[in-house]
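K.L.:
Right, I'll just put the structure down here and ask away after.
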Amino acid sequence: MAAQLGIPVLLVALVGAVATPIATTTGEQLQANLPANPLLQVHADLGSMLTPYAVAFAVLVAAAVLVELSTARVAVSAGSHAATPPTPGRSRLAGVLAALAALAGIWVTYLVVRIGHAGATVVWQGIGQ
């Protein structure tokens with residue numbers, strides 16, 4: 001099951017990592033056209049710190065998927081006696097990378113929610129109207 005979901009999750013992570021700097025740039029352009037406001041600045045500051053975390057998340061997901069797929073391939077090959085079975089170290093590495101990717105995903109989700117809430121607060125305060 002993990003191997004089946006790995007590629008779609010990786011694609012979503014890559015799209016997020018690419019979309020984050022685009023969203024940051026458009027947000028900065030919008031901010032330049034609005035009056036200065038501390039709430040808007042909080043939203044902008046939070047938004048500017050998301051890109052490195054989104055990229056780190058994508059890298060961790062990519063590493064986890066690649067190790068999992070290579071472990072799965074070795075296991076399949078071992079069944080046909082064409083290669084040695086996967087080492088416990090490789091299986092552990094796949095698990096550790098998956099756990100780190102999950103933690104990074106939770107952190108990125110938290111940041112996105114916090115950034116979105118800060119942006120919603122700006123909108124509900126009527127800034128820029």
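K.L.:
Can you say whether Thr20 is at pLDDT 90 or above and crowded, with 18+ Cβ neighbours inside 10 Å, as far as the supplied structure shows? Steps first, please.
P.N.:
Numbers: at pLDDT 90 or above: yes; crowded, with 18+ Cβ neighbours inside 10 Å: yes.
Yes, satisfied.
K.L.:
Here's a follow-up. Report the residue count in the stretch 18-52 for those that are over 13 Å from Leu111 (Cβ atoms) and either charged (D, E, K, R) or touching a Phe, Trp or Tyr at 6+ places or on another chain (Cβ under 8 Å) (or both).
P.N.:
1
The values are calculated or read from the model by the stated rules, or taken from the named source; none is laboratory data. The model shown is predicted, which means the values in this text are computed figures rather than measured ones. Heads up, the Cβs are rebuilt from the backbone with ideal geometry, glycines too, and the neighbour counts pull from every protein chain shown.
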